[in-house]
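Chemist: I am attaching a structure below and will ask some questions about it afterwards.
The values are calculated or read from the model by the stated rules, or taken from the named source; none is laboratory data. All values derive from a computational prediction rather than experimental measurement. All Cβ positions, even for glycine, are placed from backbone atoms using ideal geometry, and neighbour counts span all protein chains on display. Remember, those area values only see protein heavy atoms, side chains included, never the ligands or the DNA or RNA. Shrake-Rupley method; radii C 1.70, N 1.55, O 1.52, S 1.80 Å.
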Amino acid sequence: MNISQQQSLLHFNSFALDVKAQQLVTFSSQAQLSEFSLTEGVPYFIIAGGSNLLFCEDFKGVLLKPEFTGKTVVDAGDAWLITVGAGENWHQFVTWCLAQGYPGLENLALIPGCVGATPVQNIGAYGVEIKDFVEQVNAYDLINKQWRQMSRDECEFGYRDSIFKHALKDSHLIVEVTFRLPKQWQPVTSYGDLKSLPDSATADDIFNLVCQVRSQKLPDPNELGNAGSFFKNPQVPEAQAQALAIAYPDMPIYDTAIAGQKKLAAGWLIDQCGLKGRKVGGAQVHQQQALVLVNTGTASAKDVVELAWLVRTSVAERFGVLLEHEVRFIGAQGETNLDEMMLQFEQQALASEA
Ligand code: EPU
């Protein structure tokens with residue numbers, strides 16, 4: 001266990017915002033976690049790769065960072081069961097699986113972050129979600145100091161969603177994840193850019209194309225701070241989607257698993273508002289993909305929050321659709337949201353004028 005005080009988070013958040021945490025505690029073994037106790041009244045938050053977070057201000061509490069590594073493989077007859085430590089880098093893990101001859105995760109290549117965070121928001125891309133492969137999640141209940149093995153059903157996965165964002169929010173720290181990769185590999189090439197692949201495409205072909213498409217469309221966080229899709233693709237009632245399709249015949253509309261609900265493309269909605277390239281201070285709507293907000297190098301957290309507000313307001317006014325942010329907002333005391341942060345910044349501005 002390593003503990004550091006007044007830790008700069010510059011290298012712990014992919015937005016590359018220069019904020020601080022009062023304390024950062026890293027864990028590299030399960031024994032260290034069992035020995036650890038939370039302090040009552042002191043806020044805490046579990047951080048993984050920091051690639052889906054917006055630190056809106058200095059965090060006045062303890063950040064807990066699992067750094068468990070290691071992989072084990074079990075032959076389960078018709079599938080490989082691969083257990084991997086929460087602190088392993090996700091893309092490196094996907095690459096390793098393919099090199100070892102365990103295909104299945106190739107559509108999820110190049111998603112930034114660590115393995116432990118992948119079940120929290122049920123990462124997804126190019127027609128595949130992590131829930132399709134999760135066998136078990138091994139978590140530690142920080143409140144009751146108990147270990148817990150959770151099945152896929154117990155994780156209550158949804159679109160960019162799981163029980164770890166609701167009933168078990170902040171209380172359960174994911175230690176390792178077991179994936180079931182069927183030996184009978186099924187390619188998924190039905191999504192957008194992957195449709196161009198021939199029927200004979202291998203898992204490596206899919207992996208290479210996904211990497212190519214992502215590198216073209218999405219900014220590399222090492223070069224331009226960002227947290228991937230800033231907003232979720234909104235789900236709307238079918239009647240609203242039909243009305244929008246009449247008004248905007250080019251609007252992409254997707255089916256969802258929920259009856260009577262359709263999904264819209266947030267990136268398209270933002271793009272149609274003419275917001276690509278729009279800046280607030282050092283924060284910018286990415287030129288190539290309107291769904292991503294970037295730090296051009298000098299952005300403050302406030303710039304990003306104000307830009308997100310501008311985007312959400314513009315889309316609501318034009319299309320009557322309220323975007324929800326996918327990126328998790330972290331304030332001084334823990335998780336917060338766009339409305340609360342805007343209110344806080346406005347109150348601070350008023351107080352400084354007075
Ligand atoms: N579009 C525009 N302009 C834009 C962006 C998109 O017109 O600036 C249009 C595209 O032409 C397309 C539609 O919007 O018709 C959807 O865009 P795209 O296929 O690029 O995917 P997305 O909906 O923007 C989602 C995920 C991504 C994932 C891709 C590929 C969400 C919120 N985002 O993006 O996930 O990589 O599909 O599967 O579901 C992430 O979560 O961080 C992420 C990058």
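Chemist: Can you find even one residue in the range 29-37 that is over 22 Å from THR189 (Cβ atoms) and in contact with a helix residue (DSSP H, G or I) (Cβ under 8 Å, 6 or more places away or on another chain)? Don't jump to the end; show me each part of the working.
Modeler: Going residue by residue through the range 29-37, those that are over 22 Å from THR189 (Cβ atoms) are 29-37.
Now restrict to residues that are in contact with a helix residue (DSSP H, G or I) (Cβ under 8 Å, 6 or more places away or on another chain): none.
Scanning the range 29-37 turns up no residue that is over 22 Å from THR189 (Cβ atoms) and in contact with a helix residue (DSSP H, G or I) (Cβ under 8 Å, 6 or more places away or on another chain).
Chemist: Okay, moving on. What are the residues in the range 272-296 that are more than 15 Å from the ligand (Cβ to nearest atom), touching a residue at least 40 places away in the same chain (Cβ under 8 Å) and in a loop (DSSP other than H, G, I, E, B), if any? So that I can check it myself, show each step before the final result.
Modeler: First pass over the range 272-296, keeping only residues more than 15 Å from the ligand (Cβ to nearest atom): 279-283, 295-296.
Still in the list and also touching a residue at least 40 places away in the same chain (Cβ under 8 Å): 295-296.
Of everything in the range 272-296, just one residue is more than 15 Å from the ligand (Cβ to nearest atom), touching a residue at least 40 places away in the same chain (Cβ under 8 Å) and in a loop (DSSP other than H, G, I, E, B), namely THR296.
Chemist: OK, next. Taking the residues in the range 226-256 that are without any contact (Cβ under 8 Å) to a residue 12 or more places away in the chain and in a helix (DSSP H, G or I) as candidates, determine which candidate is least open to solvent (accessible area, probe 1.4 Å). Step through it out loud before you land on a result.
Modeler: Going residue by residue through the range 226-256, those that are without any contact (Cβ under 8 Å) to a residue 12 or more places away in the chain are 239, 242-243, 245-247, 249-250, 255.
So of that shortlist, the ones also in a helix (DSSP H, G or I) come out as 239, 242-243, 245-247.
Details: ALA239: 72, GLN242: 107, ALA243: 59, ALA245: 40, ILE246: 140, ALA247: 66 Å².
My answer is ALA245.
Chemist: Please verify whether the range 257-269 includes one or more residues that are over 25 Å from ALA16 (Cβ atoms), assigned to a helix (DSSP H, G or I), modelled with pLDDT of 95 or more and of a type in the set (Phe, Trp, Tyr). Explain how you work it out, then say what you get.
Modeler: Step one: filter the range 257-269 for residues over 25 Å from ALA16 (Cβ atoms), giving 257-265, 268-269.
Restricting the remaining residues to those that are assigned to a helix (DSSP H, G or I) gives 268-269.
Pick out the ones that are also modelled with pLDDT of 95 or more and you get 268-269.
When the remaining residues are screened for being of a type in the set (Phe, Trp, Tyr), the result is 268.
The answer is yes; a qualifying residue exists.
Chemist: Considering the range 199-212 alone, what residues qualify as being assigned to a helix (DSSP H, G or I) and farther than 16 Å from LEU105 by Cβ?
Modeler: Looking only at the range 199-212, we keep the residues that are assigned to a helix (DSSP H, G or I), and these are 203-212.
Matches in the range 199-212: GLN212 only.
Chemist: Still on this structure, I have one more. Does at least one position in the range 70-91 carry a residue that is among the β-branched types (Val, Ile, Thr) and assigned to a loop (DSSP other than H, G, I, E, B)? Full working, then the answer.
Modeler: The first filter runs over the range 70-91 and keeps only residues among the β-branched types (Val, Ile, Thr), leaving 72-74, 82-84.
Add one more test, that the residue is assigned to a loop (DSSP other than H, G, I, E, B), and what stays is none.
Among the residues of the range 70-91, not one is among the β-branched types (Val, Ile, Thr) and assigned to a loop (DSSP other than H, G, I, E, B), which makes the answer no.
Chemist: Considering only residues that are over 22 Å from ILE46 (Cα atoms) and β-branched (Val, Ile, Thr), which ones fall in the range 65-87?
Modeler: Scanning the range 65-87 gives THR72, VAL73, VAL74, ILE82.
Chemist: Pairs needed: first member in the range 201-214, open to solvent by 20 Å² or more (accessible area, probe 1.4 Å); second member anywhere, more than 14 Å from the ligand (Cβ to nearest atom); C-beta distance under 7 Å; at least 6 residues apart or different chains.
Modeler: Listed by first residue and then by second, the contacts come to ASP204/LEU98; ASP205/LEU197; PHE207/LEU98; LEU209/LEU197.
Chemist: Can I ask one more? For the range 130-151, enumerate the residues that are under 30 Å from VAL213 (Cβ atoms) and crowded, with 19+ Cβ neighbours inside 10 Å. It would help to see each step written out before you state the result.
Modeler: Residues of the range 130-151 that are under 30 Å from VAL213 (Cβ atoms), as a first pass: 130-135, 137.
Scanning the range 130-151 gives ILE130, LYS131, ASP132, PHE133, VAL134, VAL137.
Chemist: Taking the range 217-271 on its own, how many of its residues are within 11 Å of the ligand (Cβ to nearest atom) and among the small types (Gly, Ala, Ser)?
Modeler: Number satisfying all stated conditions: 6.
Chemist: Within the range 38-69, which residues are part of a loop (DSSP other than H, G, I, E, B) and open to solvent by 40 Å² or more (accessible area, probe 1.4 Å)?
Modeler: Step one: filter the range 38-69 for residues part of a loop (DSSP other than H, G, I, E, B), giving 38-43, 47-52, 56-58, 67-69.
Residues satisfying the conditions are LEU38, THR39, GLU40, GLY41, VAL42, GLU57, ASP58, GLU67, THR69.
Chemist: List every residue pair whose Cβ atoms lie under 6 Å apart, where the two residues are 6 or more positions apart in sequence or sit on different chains, the first residue falls within the range 82-103 and is closer than 13 Å to PHE207 by Cα, and the second residue, located anywhere, is among the hydroxyl-bearing types (Ser, Thr, Tyr) and not in a strand (DSSP E or B).
Modeler: No pair meets every condition.
Chemist: Scanning the range 302-318 for residues that are out of contact with any helix residue (DSSP H, G or I) (no Cβ under 9 Å at 6 or more places or on another chain) and surrounded by fewer than 18 Cβ atoms within 10 Å (Cβ to Cβ), which turns out farthest from ALA16 (Cα to Cα)? Spell out the reasoning first.
Modeler: First pass over the range 302-318, keeping only residues out of contact with any helix residue (DSSP H, G or I) (no Cβ under 9 Å at 6 or more places or on another chain): 303-304, 307, 310, 313, 316-317.
Checking the rest, the ones that are also surrounded by fewer than 18 Cβ atoms within 10 Å (Cβ to Cβ) come to 310, 313, 316-317.
Values: LEU310: 21, THR313: 25, ALA316: 28, GLU317: 31 Å.
Across the range 302-318, the extreme among qualifying residues is GLU317.
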